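In what follows, a single structure is set out as structure tokens and then discussed.
What follows is calculated from the coordinates using simple rules that are stated; it is not laboratory data. Since the model is a prediction, treat every value here as computed from it, not as a measurement. Note: ideal-geometry Cβ built from the backbone for every residue, glycine included; neighbour counts use all protein chains shown.
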């Protein structure tokens, strides 16, 4: 497979939003978290759950700082290649299953309540009742995102070289 296609698949199958949640609140699906409105803090602006998770991963705009953060991740305890047993899985299907597990258990809290359905509102800022994420959710999201990104980086490197 050409490396460009591999890079897209490596990143895509690492994201927990490659599917959609179909629940009582979202019988047609939640469009990968785009129909769920949340707040990070009580004073914060409402946002889509998907946008929150994208921001956890890509909130750094300065490329030098981003490169430094990436280097720090590679040297973090538990993130060295030899310690990441998930790297033994080399097929895209297993990566997709990993992401599904993360989405089910962490992102969607095993089916527990999270956010407010947009219910047809096109603009998330119209959702005045958007709840604040549960205590510990943001810290957990940051840990999961760091781990998923380091896995994606190693997998991409394995596909290229």
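The table below gives the values:
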read-out: For 92, 161, 52, 79, order by how many other beta-carbon atoms lie within 10 Å, fewest first; value: 161, 92, 79, 52
read-out: Ranked 114, 160, 150, criterion: other C-beta atoms within 10 Å, fewest first; value: 160, 114, 150
read-out: Burial ordering of 54, 48, fewest other beta-carbon atoms within 10 Å first; value: 54, 48
